[in-house]
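What follows is a short report on a single structure.
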Protein chains: 2
Amino acid sequence: MQRSIATVSLSGTLPEKLEAIAAAGFDGVEIFENDLLYYAGSPREIRQRCADLGIAITLFQPFRDFEGCPRERLHKQLDRAERKFDLMQELGTDLVLVCSNVQPDALGDEQLLVEDLRLLAEHAGDRGLRIGYEALAWGRHINTYQQAWNLVRQADHPALGVILDSFHTLSLKGDPGAIRDIPGEKIFFVQMADAPILVMDVLEWSRHFRCFPGQGELDLAGFLAPILATGYRGPLSLEIFNDGFRAAPPRQNAADGLRSLLYLEEKTRLRLAHEAQAVDTLFAPPAASRYAGVEFLEFAVDEAVGARLASWLERLGFVAAGTHRSKAVSLLRQGDINIVLNAEPYSFAHNFFEAHGPSLCATALRVSDDQAALQRATAYRGQPFRGLVGPNEREIPAVRAPDGSLLYLVQTDDTGQSIYHSDFHLSAQARASGGLRRIDHMALALPAEALDSWVLFYKSLFDFGADDEVVLPDPYGLVKSRALRSPCASVRMPLNISENRNTAIAHALSSYRGSGVHHIAFECDDIFREVARAKDAGVPLLEIPLNYYDDLAARFDFDDEFLSELAYYNVLYDRDAQGGELFHVYTEAFEERFFFEILQRRGGYAGYGAANVAVRLAAMAKRRAGGGRKPVL
Amino acid sequence: MQRSIATVSLSGTLPEKLEAIAAAGFDGVEIFENDLLYYAGSPREIRQRCADLGIAITLFQPFRDFEGCPRERLHKQLDRAERKFDLMQELGTDLVLVCSNVQPDALGDEQLLVEDLRLLAEHAGDRGLRIGYEALAWGRHINTYQQAWNLVRQADHPALGVILDSFHTLSLKGDPGAIRDIPGEKIFFVQMADAPILVMDVLEWSRHFRCFPGQGELDLAGFLAPILATGYRGPLSLEIFNDGFRAAPPRQNAADGLRSLLYLEEKTRLRLAHEAQAVDTLFAPPAASRYAGVEFLEFAVDEAVGARLASWLERLGFVAAGTHRSKAVSLLRQGDINIVLNAEPYSFAHNFFEAHGPSLCATALRVSDDQAALQRATAYRGQPFRGLVGPNEREIPAVRAPDGSLLYLVQTDDTGQSIYHSDFHLSAQARASGGLRRIDHMALALPAEALDSWVLFYKSLFDFGADDEVVLPDPYGLVKSRALRSPCASVRMPLNISENRNTAIAHALSSYRGSGVHHIAFECDDIFREVARAKDAGVPLLEIPLNYYDDLAARFDFDDEFLSELAYYNVLYDRDAQGGELFHVYTEAFEERFFFEILQRRGGYAGYGAANVAVRLAAMAKRRAGGGRKPVL
């Protein structure tokens, strides 16, 4: 497909936008009129710049409030159109977006509107130009594509067609089904925008909260499928009005935009395949892998930090299970959990440590097909990574996550031979002392503006799903959390952001100088046994106020003894509507950077204890306010 | 009145909140349950801390989802209530807020609800406690105060009354008139919250966008007046759920809260007086002055900057009109405009210069009664300022603006003797070369989180009004603007904020290291004459792209010659719906800090040229991107 984006979707001056659009790999650009007004050069210079960059000008937009304007202004409006036609010819584009009249005094008589559109199309057609008519969701009389098509059909002029925009239809809960009734050649252009579902004024929603396909909640594949079914093969163009995008770095944002179109194409291809239709021009990456959890987590450390972190982990029940054959890398294990501490100089991990301090530098996902997974990731413009590999060591395919850390793709071996055998001296006698079974989830702290980009990355490259956003109160501001999960939920990653400066998330970010893991949760079968063991071993647990347990007593039928046990071990409790239960406990932070959670799920509890996040954040804030903490070990 | 605030309105830990509330001068506090849950000490410790701080605990809240709960849970819910009653007695408060049930399975039978409330009141009454029942706007069955009062009236128990919350009524466009039908002694508590008018889900609106009285658009005096008419004289309490407040410094925010209550009391007192009613306990400051424009603007400079700024101003048509008798201060004048350049060492201005660089350090307002104006300002907790005054020099009353700059209150002298005669050696021959007549407006750049605080400051201390917020696109993010204006609009101050890092407003803020004047607009009678003169004098004007004028040509019936003149002089044009016209032109920035605007209004144009802000911001961004600018003079 021809992939296009409107200049209004990006921040910066017009030349900055055009360069970002070309660099991202788009084929075309819609020129939003204001971007041109504010540009100091001529339209011809823009035409030349686009030609130099290899992008087509797919559309000029918008031309407003024409059809149905009061009769005494019609002549003046036609003059205005002719001036814009001049501009289009200088720009070298033949298509203008005319959006439905929103003026309070707009006339609504159907025949009059048909005649106005035909008149405009005649003027355009005389100059070899075309009119694309689009229904705005808040148009005075015309606000659905069905109405727009009805006028265009009656006007019946070759220079007149409709423009379809996903937001304008889906925001009003419109049914895209009737698009199939429009002949493909009468659809002149297609604009795609996603959005979170918000109960608010549709104009405000559209102007401030649109986002790239895959970042919101609209069914865009369900909108695009009937368009392609008509035979339409013109541009797919992103038109995103978003407050955050207006301030985001344009290159990164444009790259996200292209990825979002690829994602939409794949989803639409699958949808059409389901209906036994095929559109060859749609993006077709290898299917996503099946996932079987996290194979290992790798921390960037130096020798001293590595020793201290290993000591923490051993107190948490891990065992030192091996050392790397050729590198300063050690392996700790417990249950199905593998943690790698990488202190190798002149390595990726070392660079990561230099930049971010002690931090999670790699996550290894167990995939059903590592080569297909890598191909899919790179097809989605993921950046593959090849590290240094020693003789006889195994090379694991990897791509970079948005924060620069690595995502290894580990194909589980049919032989049952673990990936560690080739690279590590393993200690045969090593037995973990604890009963932690698996990595339940990794929570990341991200800059607020990065959340949508991360969600799109995992959705597209890895076919992860994203839960709805949850808002959580930190004593010093709100924290927002959105959890990613692999199909079947064997990998779970809550992403946390904060727009305020003094929250736990903000502190984590400033400590990392970038994104970073905030905490790692381990699942066990017996919370009290694990916590008792950890406590005895000297793991510092986050203290929970007794008032919390008084409230639990008021809310649930616990006997006093059980409540005392919860309180003694600082165990938090949550119960979902179906009776599923979560027991969980947090450690204090390891060197002010990240902390660990031990949890037990019962009865199908699927969440992350959102009801208890506020008390945890308050306890963490109290620890921070308590001044510089002394190292625990 | 007893002035109170809910802990949820402020950020921080519970002790931090209580200290801020006491410091602001509140009489009482509502303890929000979660704040207690997250606090590591006992309820008794909170009781003691409040006693030590001299604030009463006016209320404990909330107790949720009691009345109409499914019958099998009623017993458990009563148990839960008893546990909360224990807590209240430890806290030493006798009133609990019970909000209407929001559960999908809540029962709606009226007699059943009446009986449930009576039952709860009996349990509370037995312990000397009281139940205040509040209708949430999103309650399952009960969502208006009329419904709540209907149940309370029928339950007819001395320990049961209603709690009224302005948001829950006004958000649903409810009529507060029927409050007069409730006996004053059955109103147990009153919560006040303002909000901007937003078309969105009322629960989301309530949880994230409430604000202090006077910062939003609800008619709170119209809500409070009928309450007081019932004879209610209990606490007025602020309960504000606001994302920004959750992150704001609690001391400053609590001070704003108290000021907002005073403001509400004054407005309500005036409202009641209009109805020939009087409530003696309401705040009664001196009435606000009448204003007659800006007497002078004072810039903090040093000798070198002062010379360069004086040179700019002279090119703009000002004349050096005098020097101070005892200080390194000079006066420039043109028309009715007085500009003071203060380079005096060891002065307030000098300190301001050291902190913020060249900047506006004082604004003098012409008032009808300077002493009353000062009394009013200090009654509203404004901070009066007394500077050093030389012998025979005039002392001008002043208060500090929120950014630490000064607001002088200059009473216009009946003798016609200007305030400058006593303090300045004035040059009798000085004649300004330009035709600028008066200061039209001063635009300020503020940190985003400071806007509401500034609006409240000017509304309360000075009785200014605030226009609706306007959103304006900078190439690198959105800018929001809200204009303050004195009654009769002789003083106008647009306040501009930006949540993004790279906009013109953000650059101004980082340059000032604080708030600061962004530009100053001078009004004239003949824009072309003034601009031609300024251009000839070498004033650097901001260049506007020619494409802007092509668009003007398409939009308006200007002849080509007139358009060429607009373009030649970089004059921007706007026309309002009534045909009022604005012509305006901008200078480039003086040393990257602030700039000037010359404007001409015709036909009653009352705005600030919002339609042209985007092109101005784009032109400014281009200048910034153009690299370090060479000094112009």
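Residues whose amide H comes within less than 5 Å of that of A:F296, counting only those at least five positions distant or on another chain, are A:A364 (H built at 1.01 Å from N in the peptide plane).
Of the residues A:S490, A:N500, A:F528, the one whose Cα sits farthest toward the positive end of the charge dipole of the range A:483-549, with +1 on the Cβ of Lys and Arg and -1 on the Cβ of Asp and Glu, is A:N500.
Taking label points 7 Å from Cα along the Cα-to-Cβ direction, A:D126 and B:R44 give a separation of 9.3 nm. Each residue of the range B:79-88 was assigned a 3J(HN,Hα) from its phi angle through the Karplus expression (A = 6.51, B = -1.76, C = 1.60, θ = phi - 60°), giving 4, 4, 4, 4, 5, 6, 4, 3, 4, 4 Hz with x at Gly and Pro.
The simple Förster model, with R0 at 35 Å and r as the Cβ-Cβ distance, assigns A:L53 and A:T412 a FRET efficiency of 0.20.
Computed over the range A:487-633, relative contact order equals 27 percent, with contacts defined as Cα pairs under 8 Å that lie 6+ residues apart. Looking at the range A:89-148, the trypsin sites (Lys or Arg not before Pro) that sit in a DSSP loop and have at most 16 other Cβ atoms within 10 Å of their own Cβ are A:R127. Short-range pairs are left out: with C-alpha atoms under 8 Å and at least six residues apart, the relative contact order of chain B is 9 percent.
Averaged over the residues of peptide A:545-558, the number of Cβ atoms from other protein chains lying within 10 Å of each residue's Cβ is 5.
B:L170: net charge of surrounding residues, Cβ under 12 Å, Lys/Arg +1, Asp/Glu -1, itself excluded? Taking every Cβ under 12 Å from that of B:L170, the sum is -3. Short-range pairs are left out: with C-alpha atoms under 8 Å and at least six residues apart, the relative contact order of the range A:80-227 is 19 percent. Averaged over residues, the count of other Cβ atoms within 10 Å places the peptides A:459-471, B:426-438 in the sequence A:459-471, B:426-438, highest first. In terms of the Cα gyration tensor, with a ≥ b ≥ c the square roots of its eigenvalues, is the range A:429-508 rounded because a/c is under 1.5, prolate because a/b exceeds b/c, or oblate? Here the range A:429-508 falls in the oblate category. Chain B comes nearest to the axis taking it onto chain A at the Cβ of one residue; that residue and its distance, in whole Å, are B:M200, 2. The calculated FRET efficiency for the pair B:N351 and B:Q371, based on their C-beta separation and a Förster distance of 35 Å, comes to about 0.85. Work out the FRET efficiency for A:D576 and A:A287 from their Cβ-Cβ distance, taking R0 = 41 Å, and round it to the nearest 0.05. Approximately 0.80, to the nearest 0.05.
Highest-first packing order for the peptide set B:588-594, B:440-446 is B:440-446, B:588-594, based on the mean count of other beta carbon atoms within 10 Å. The HN-Hα couplings worked out from phi for the range A:452-465 by the Karplus form 6.51 cos²θ - 1.76 cosθ + 1.60 (θ = phi - 60°) are 4, 5, 5, 4, 5, 4, 6, 5, 7, 5, 10, 6, 6, x Hz, whole numbers, x standing for Gly and Pro. Between A:R290 and A:S368, A:D369, the built amide H atoms are under 5 Å apart, and every one of these is 5 or more places off in sequence or on another chain. Once the Cα atoms are used to define both axes, helix B:546-555 deviates from the longest principal axis of chain B by about 70 degrees.
The residue list A:P43, A:G12, A:G68 was ranked by how far each Cα lies along the charge dipole of the range A:1-95 toward its positive end, using unit charges on Cβ atoms, and A:G68 comes out on top. Considering helices alone, the calculated mean residue ellipticity of chain A at 222 nm is -10500 deg cm²/dmol, with DSSP H runs of length four and up weighted by -39500 (n - 2.57) and normalised per residue. In a DSSP loop and with at most 12 other Cβ atoms within 10 Å, the trypsin sites (Lys or Arg not before Pro) in the range B:165-233 are B:K173.
Relative to the longest principal axis of the Cα atoms of chain A, helix A:110-126 runs at roughly 90 degrees. Once the dipole of the range B:154-311 is set up with Lys and Arg at +1 and Asp and Glu at -1 on Cβ about the Cα centre, which of B:G216, B:A276, B:T169 lies farthest towards its positive end? About the Cα centre, the residue reaching furthest to the positive side is B:A276.
With its label point defined 7 Å out from Cα along the Cα-to-Cβ axis, B:Q578 lies at 6.2 nm from the matching points of the other copies, in increasing order. Remark: spin-label model distance B:R233-B:D336 equals 4.7 nm, labels positioned 7 Å along the Cα→Cβ axis. Gap in Å between the Cα centre of the range A:1-52 and the Cα centre of the range A:140-175? Cα centres, the range A:140-175 to the range A:1-52: 26 Å. Between copies, B:Q371 shows label-point distances of 9.5 nm, shortest first, with the point placed 7 angstrom from Cα along Cα to C-beta. Considering only DSSP beta bridges whose two residues both sit in chain A, what percent are antiparallel, to the nearest 5? Roughly 55 percent of the beta bridges in chain A run antiparallel, per DSSP.
Which links in A:K17/B:K622; A:K173/A:K480; B:K535/B:K622 stretch past 23 Å when you go from one Cα to the other?
Table pairs above 23 Å Cα-Cα are A:K173/A:K480.
Provide the net charge surrounding B:E266, with neighbours chosen by a C-beta distance below 12 Å and charges set as Lys +1, Arg +1, Asp -1, Glu -1. So the environment of B:E266 carries a net charge of +4. Testing the spin-label approximation: label points 7 Å from Cα along Cα→Cβ at A:A610 and A:L546. State their distance in nm. It works out to 3.2 nm between the two label points. Rounded to the nearest 10 degrees, the angle from helix A:220-229 to the longest Cα principal axis of chain A is 40 degrees. For the protein assembly as shown, the dipole from Cβ point charges (+1 on Lys and Arg, -1 on Asp and Glu) about the Cα centre works out to 2080 debye, to the nearest 20.
Judged by the ratio a/c of the largest to the smallest principal axis of the C-alpha gyration tensor, the range A:65-201 counts as prolate, that ratio being 1.5 or greater while a/b is larger than b/c. Close amide H pairs (under 5 Å, H built 1.01 Å from N) link A:D165 with A:Q191, residues at least 5 positions away or on another chain.
Rule-based calculations on the coordinates, nothing more; no lab input. These numbers come from a predicted model, not from an experiment. All Cβ positions, glycine included, derive from the backbone under ideal geometry; neighbour counts span all protein chains shown.
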